[in-house]
Structures are given as structure tokens and as C-alpha cells.
1. Is it the case that residue 107 is touching a helix residue (DSSP H, G or I) at 6+ places or on another chain (Cβ under 6 Å) and closer than 29 Å to residue 200 by Cβ?
2. So which of 26, 52, 46, 82 ends up being in the same structural domain as residue 115 (by TED's automatic domain parsing) and crowded, with 17+ Cβ neighbours inside 10 Å?
3. Conditions: (1) modelled with pLDDT of 95 or more; (2) closer than 17 Å to residue 86 by Cα. Residue 32 meets all but one. Number of the miss?
4. Would you point out the residue of region 61-79, among those that are in contact with a strand residue (DSSP E or B) (Cβ under 7 Å, 6 or more places away or on another chain) and buried (at least 17 other Cβ atoms within 10 Å of the Cβ), that is farthest from residue 42 (Cα to Cα)?
5. For region 225-266, which positions are surrounded by 17 or more Cβ atoms within 10 Å (Cβ to Cβ), modelled with pLDDT under 85 and over 30 Å from residue 28 (Cβ atoms)?
6. Out of the strands (runs of 3 or more DSSP E) lying entirely within region 167-249, which hold 2 or more residues that are free of Cβ contacts under 8 Å to residues at least 60 places away in the same chain?
7. Pick out the one residue from 99, 130 that is within 16 Å of residue 32 (Cα to Cα) and either in contact with a strand residue (DSSP E or B) (Cβ under 6 Å, 6 or more places away or on another chain) or at pLDDT below 95 (or both).
8. Going residue by residue through region 271-278, is there one that turns out to be out of contact with any strand residue (DSSP E or B) (no Cβ under 6 Å at 6 or more places or on another chain), surrounded by 15 or more Cβ atoms within 10 Å (Cβ to Cβ) and without any contact (Cβ under 8 Å) to a residue 24 or more places away in the chain?
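The values are calculated or read from the model by the stated rules, or taken from the named source; none is laboratory data. What you see is a predicted model, and the numbers here were worked out from it, not measured in a lab. Neighbour counts are summed over all protein chains in view; Cβ atoms, including those assigned to glycine, are modelled from backbone coordinates with ideal geometry.
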């Protein structure tokens, strides 16, 4: 009998995170599901060890670090086409007991749901705002420029509208760190856009699903823990520029044509400046943290 869902994760030297991911996955559902690890060039041996220790795990070598979205697409292609739902998750997710069965039950309640996302807790117990509105050019720009210095600005408020953690409901997009997608919906929009190396591919997917008539549904009764941003804090000089490049791509794709060329030019310049400022601030913070530990 075909499992109702398969699980796909992308690894890049994820270490012990992957072990916890698979250990807790066993209690996330009453169903035993196939797991595909799409490996983007790990050097720690963790994916090979996982495949050797778990009969339900298939390891796929993507041929290099092709990015999160492209890696997920490669992994999904390995699953039996008869599988109705696909769980997409980062390898640093820790599953709560029954969390995937909660998402599956919600998918039955929402037949037009193309994606469903759980409540995501951070390691310190705080709730990560994983369900948000899709930003338009004005909202996204206002939030990007002022979100850290004027947290109550109207653009950030609009972007974060509906990000409270209570109530099962449709939202604009859901965090790609943990998603249950309906295979037919995912395939209908071509999966993730592989042009996004990392960051914003989940916003783009949610927006395209919505434009295609599907819903993105937040399901707070399902809960997971995500050790988010450990790569960002370790490598800000790489991660922050990647985030800003993705932000430009997202907005440029939605502002095409010669008449919108000045908009794209200003957007590119503004994001480039913001990226440099953010990298410098992150590196200063990392140096201060290092000095504090030494003292």
C-alpha cells in the first residue's frame, strides 16, 4: 500500500540535525513514509550514515550545491508519483509527536489547500512567524528598509498581518522550513523556482500557488521545532547577500517590462546598499560576541 505522504529534505553538512530529524520523524505520524535526502555536497558523512541506518531513506546526490528549491525538486522527483502529499522540511526540524498526522487531517478538511504549514517554535521556545502575507513592492520595500529601526511602521505591520499563531486559516505564504504540499498542486506550478538559490523560494511558491487558485493554510495544532538561521549567523557575508538577491528576483519577476525598468533599477540599487549595511552590522555583532566569549 502506498504511503499517503513522502518526506524530502535537502542536506549540506547538516550533522547531528539530520539524526534528530529522522529520530523524531518516527513519532510524527502513524504512517511509515519514504524519506528522500537530496544531498547538495555534504562532507560530514551524515547523509550516508542516515541512508545506511534507515531502510526507508533514499539518498540522492544532486551533483553539487544547487540550492534548496532545486534540491527539493530533485528529491520530489524520486518519490512514487502515486504519493498524494509531500512533506518538505529542513534537516534541522525536530518533529512533535503526531504533527504530520495533524497536517494530513487539515489537508482533508481543506481540499483546495496546495500547502499546509505547522506552528514553528524556535529553540528558545518562542514562536517563529511562519505564516505571512505576500509582500507587494511597496509593502516589501517599506518593511525591508524600516523593519529593524521602526518596528511599528505600517509596511511591516501589513507584511506581518495575520502572523499570530492562533487559528487554522489561509495565509499568503508559509515557511519552507516545514511544509506539507499536495503533490498535484506542487506539480501544477512546477515546484520551486530553481532560480532561487536560497531564501524567498517559499514566498514565491506560496504566491504562485495562490495565483493558481490553491490555498496556503496555517495549521497551529501541528507543531515543530526549527533551529532556524544557524547558517545565517555563521556565514552572514554569504547568506545576507543571497537573501537580498532573492528579494530582488521576487520583486523583479512581478514588475516586468520596459515601463517597470526604472523600478527594477532603483530596487536593485537599494537592496545592494541594504545588503552591504546588513553584512557589516552582522560581522560587527559576530566580533562582539566573540570578544564577549573570550572575556
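1. For residue 107, the condition - touching a helix residue (DSSP H, G or I) at 6+ places or on another chain (Cβ under 6 Å) and closer than 29 Å to residue 200 by Cβ - is not met.
2. On inspection, the qualifying residue turns out to be 46.
3. (1)
4. Narrowing region 61-79 to residues in contact with a strand residue (DSSP E or B) (Cβ under 7 Å, 6 or more places away or on another chain): 61-62, 68, 71-72, 74-76, 78-79.
Now restrict to residues that are buried (at least 17 other Cβ atoms within 10 Å of the Cβ): 62, 68, 71-72, 74-76, 79.
Details: 62: 10, 68: 13, 71: 13, 72: 15, 74: 16, 75: 15, 76: 19, 79: 22 Å.
My answer is 79.
5. Answer for region 225-266, where residues must be surrounded by 17 or more Cβ atoms within 10 Å (Cβ to Cβ), modelled with pLDDT under 85 and over 30 Å from residue 28 (Cβ atoms): just 236.
6. On the way: elements: 169-171, 178-182, 215-226.
It comes to 169-171.
7. 99
8. Looking through region 271-278, none of the residues is out of contact with any strand residue (DSSP E or B) (no Cβ under 6 Å at 6 or more places or on another chain), surrounded by 15 or more Cβ atoms within 10 Å (Cβ to Cβ) and without any contact (Cβ under 8 Å) to a residue 24 or more places away in the chain.
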